[in-house]
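Each value in this text was obtained by applying a stated rule to the coordinates, not by laboratory testing. Since this is a predicted model, take the numbers as computed values, not measurements. Don't worry about glycine lacking a Cβ; one is built from the backbone with ideal geometry, like all the others, and counts go over all protein chains shown.
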Amino acid sequence: MDRIITKTMSLEEAKKLGIDSWPRWECEPSSFPWYYDEQETAYVFEGDVIVTANGEKTHITGGMLVSFPKGMSCHWEVKKTIKKAYTFNFPID
């Protein structure tokens, strides 16, 4: 997998994956480069973000399960504060 994968998912469905035990992360509106040295899966509780990787833009909002591949360099543009739970090496498909 070399691209971002997103899935719309209810909070109830996400809880079945164990998100209550995952670390939490929050970021106010900002713009920054990021590199994933591990595969990351995150459930977004709220927010509005555009992540650009390999020339492809991915729009991420609340109620999404998102998977970022290991080794991906990207740019985050946080338009509305994001709140997410995340874990590593937990592929979603």
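Worth a mention:
- Calculated SAXS-style log₁₀ I(q)/I(0) at q = 0.25, 0.26 Å⁻¹ - the stretch 10-93, Debye, Cα scatterers: -1.40, -1.47
- Rounded to the nearest 20 debye, the dipole magnitude of the stretch 5-88 is 120 debye, with +1 charges on Lys and Arg beta carbons, -1 on Asp and Glu beta carbons, and the Cα centre as origin.
- Most mobile listed residue (LYS57, LYS16, LYS80) in the chain, GNM with C-alpha springs under 10 Å: LYS16
- Here each label is just a point 7 Å from Cα along the line to Cβ, and for TRP34 and LYS16 those points are 2.6 nm apart.
- Separation of the stretch 21-49 from the stretch 63-87 is 4 Å, based on Cα centroids.
- Most mobile listed residue (GLY71, GLY47, GLY55) in the chain, GNM with C-alpha springs under 10 Å: GLY55
- Residue among PHE45, PHE32, PHE68 with the largest mean-square fluctuation in a Gaussian network model of the chain, springs linking Cα atoms under 10 Å: PHE32
- Qualifying GluC sites (Glu not before Pro) in the stretch 27-93, where qualification requires a DSSP coil assignment and no more than 16 other C-beta atoms within 10 Å, comprise GLU38.
- Each of ILE5 and TRP25 was given a label point 7 Å from its Cα along the Cα-to-Cβ line. The distance between the two points is 1.8 nm.
- In the chain, helical runs assigned H by DSSP with n ≥ 4 each contribute -39500 (n - 2.57); averaged across all residues and rounded to the nearest 500, the mean residue ellipticity at 222 nm is -1500 deg cm²/dmol.
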